[in-house]
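Worksheet for the structure shown next.
The values are calculated or read from the model by the stated rules, or taken from the named source; none is laboratory data. Worth saying up front: this structure is predicted, and the values here are computed from it rather than measured. For neighbour counting, all protein chains shown are included, and Cβ atoms are generated from backbone atoms with ideal geometry for every residue, glycine included. Remember, those area values only see protein heavy atoms, side chains included, never the ligands or the DNA or RNA. Shrake-Rupley method; radii C 1.70, N 1.55, O 1.52, S 1.80 Å.
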Amino acid sequence: MLYIDSADRDQVERLLATGLFAGVTTNPTILYRSGLTVDDVPAVHRWARAAGAGTVFLQAVGPDEAALEAHSRELVALGPDVVVKLPATRDGLTVSRRLTREGVPVLVTAVYHASQALLADAAGAGWVAPYVGRMGDLGLDGVEQTADLHATLRRVRASGDGGCRVLAASLRDTTQVAALAARGIEDFTLSTQLCGQLLDETNSVAAAAQFEVDAHAAR
C-alpha cells in the first residue's frame, strides 16, 4: 500500500483524491515543515479522514515512558483508523508492547538497522518503518538494510509467530522505491514530491500527450 508522508493539507487532499493512496503518515518534523505542531494533530486527523484517508499514522511524543504512553492514548482516542507511531527506543518499544497487548495498532518508527526488526516484532507492532534515505546519509546501504529487515520479518511470519510489516520511509527517489518493491516490500510512505514523480513520470506524460495528438490528427 502507498501512504502520503505529509501534513500539507492542499497537497495531501489532491493526492488522496486520486484514490491511489491508502492513508497519511505524519511525525513532528513533518508537522513542523507545514507550520503545524502536535497540538494540530486532531485537526490533521479530521481533514485527512474527510479527504479519504483510510488509515492515519500519528506519532506520539514525550520525554519519557509515561509521557509517551499518555500521548499515545490521546491519539488512540481520535478514532479506530489511527495507528500510533512510536520510536524504536527503549521507552518507545516498552510503550509499544503495552499498547499492542491491548489491541492498539502500532508502528515502530525511526529504524536504522535491520536488526531492529526483532525488537519491533517482539513489541507486537503491526508495522516497522526503516529510514531508507537517512541510513544512506550515515553511510549505510538503506535499500539492503531494509531488504534484510523485510526478510527477517518474512521468516518470522512464516513461523506463525508474528505479523509485522515493513513500511519503507525516508525514500529519496523512485529508484529506491522500485528496488525495494522488487525485493518484496509492499508498503511505502512517500513525500508529496515523490508521489508527484511517480504520478507524473516524464516519458509517460509525453506519451499520453502524443496519443492525444494522434487521436485527433487529420486523416
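Charging the Cβ of each Asp and Glu at -1 and of each Lys and Arg at +1, and nothing else, the dipole of the chain about its Cα centre rounds to 420 debye. Using only the alpha-carbon atoms, how far is helix 41-50 inclined from the longest principal axis of the chain? Give it as 0 to 90 degrees, nearest 10. For helix 41-50, the angle is close to 40 degrees. Convex hull volume of the Cα atoms of the chain, normalised per residue: 141 Å³. Summary value for the chain: 16 percent relative contact order, contacts being C-alpha pairs under 8 angstrom separated by 6+ residues. On a per residue basis, the convex hull of the C-alpha atoms belonging to segment 56-104 measures out at 59 Å³.
Taking the square roots of five times each eigenvalue of the Cα gyration tensor of segment 110-201, the equivalent ellipsoid has semi-axes of 23, 14, 11 Å, listed largest first.
Annotation: extensible slack from R172 through T202 equals 9.0 nm (criterion: 0.36 nm per residue apart, minus Cα-Cα distance). Principal-axis analysis of the Cα atoms of the chain puts helix 202-215 at an angle of about 40° to the longest axis. Distance between the modelled labels on A66 and D10, one decimal in nanometres: 4.4 nm (7 Å Cα→Cβ projection). With protein chains left intact and a 1.4 Å probe, residues in the chain average 49 Å² of accessible area per residue. Between the alpha-carbon centers of segment 95-110 and segment 28-81, tell me the distance in whole angstrom. The distance from the Cα centre of segment 95-110 to that of segment 28-81 comes to 15 Å.
Quick check: at a probe of 1.4 Å, how many percent of the accessible area of the chain sits on carbon and sulfur atoms? Using a 1.4 Å probe with all protein chains present, the chain comes out at 52 percent carbon and sulfur. With θ taken as phi - 60° and the Karplus curve 6.51 cos²θ - 1.76 cosθ + 1.60 applied, the whole-hertz 3J(HN,Hα) list for segment 116-121 is 5, 4, 5, 5, 4, 5 Hz, x standing for glycine and proline.
Model label points for H216 and Y32, set 7 angstrom from Cα along the Cα-to-Cβ axis, are 4.9 nm apart.
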